[in-house]
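Okay, structure first, notes after.
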Amino acid sequence: MISKCANVVTDLCVRKMIIQGTEKEVYQYGFELIISTIVNIFWILLIGIISNRLFLALIGFSIFAWIRTQSGGYHASSYLKCNLSLIIVFGFIMASVRFFKITDVYFAFFVLAYIYVPLFMWQFSPVENLESPLDSAERSLVKRKVLMRVIICEVVGICGWLFGYNELAVLVLFVHVAVIILIIIEILKRRRLNESQY
């Protein structure tokens with residue numbers, strides 16, 4: 001559906017001579033990304049409205065996108081699967097924000113999780129794009145960027161908790177948990193593919 005819409009828009013641009021026919025594939029891909037982003041934002045807004053936490057949903061999506069652009073992880077093979085993945089991931093995150101509270105019982109869990117997330121990211125990220133692998137210097141730089149972004153987000157979450165916005169601390173944690181799960185899924189998927197080649 002997204003590809004078809006992008007194709008229609010691209011064809012229209014070619015017919016109106018806004019773009020050259022030789023550049024059609026590049027523009028079609030760009031239009032696919034734009035339409036896909038609009039659809040993703042629609043789902044985030046809808047999940048935020050349904051959960052009655054629109055502002056937190058937008059913050060969560062911003063954190064998620066900011067970290068995922070560097071950390072990598074599972075990427076769906078189609079736009080439909082991508083949208084379904086996004087709905088499941090953000091449904092999980094917003095349900096966690098709604099139901100988890102930082103109480104005495106959960107405090108130790110949150111402290112341990114806030115310590116574990118940077119350690120996991122340092123060990124396993126970035127999950128490289130197989131079509132454009134990183135050299136060791138680039139990988140090291142991206143790893144530091146991921147770690148810095150995670151720590152900045154955790155500081156925001158801790159400040160939220162200190163100032164009485166517990167939901168912000170829970171949001172940051174479960175966005176990180178979702179990113180970790182997507183990294184693990186991609187690592188396992190690649191391992192399975194490597195084993196099936198032998």
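The values are calculated or read from the model by the stated rules, or taken from the named source; none is laboratory data. Fair warning: this is a prediction, and the values are worked out from it, not measured in the lab. Ideal geometry is used to build each Cβ from the backbone, glycine not excepted, and the neighbour counts take in all protein chains shown. Just so you know, the surface numbers come from the protein's heavy atoms only, side chains and all, with ligands and any DNA or RNA stripped out. Shrake-Rupley method; radii C 1.70, N 1.55, O 1.52, S 1.80 Å.
Assorted remarks:
- Scanning the range 66-84 for residues that are of a type in the set (Gly, Ala, Ser), out of contact with any Pro (no Cβ under 8 Å at 6 or more places or on another chain) and surrounded by 13 or more Cβ atoms within 10 Å (Cβ to Cβ) gives a single hit, 73.
- Search result, residues across the range 24-47 that are loosely packed, with under 15 Cβ neighbours inside 10 Å, at pLDDT 80 or above and of a type in the set (Phe, Trp, Tyr): 42
- Candidate set: the range 48-65, residues that are of a type in the set (Gly, Ala, Ser) and buried (at least 18 other Cβ atoms within 10 Å of the Cβ); chosen: the one nearest to residue 174 (Cα to Cα): 60
- Selection from the range 106-157 of residues that are basic (Lys, Arg) and open to solvent by 60 Å² or more (accessible area, probe 1.4 Å): 139, 144, 145
- Cβ-Cβ under 9 Å pairs, at least 6 apart or on other chains, the range 101-113 side modelled with pLDDT of 80 or more, far side part of a loop (DSSP other than H, G, I, E, B) and surrounded by 12 or more Cβ atoms within 10 Å (Cβ to Cβ): 110/100; 110/102
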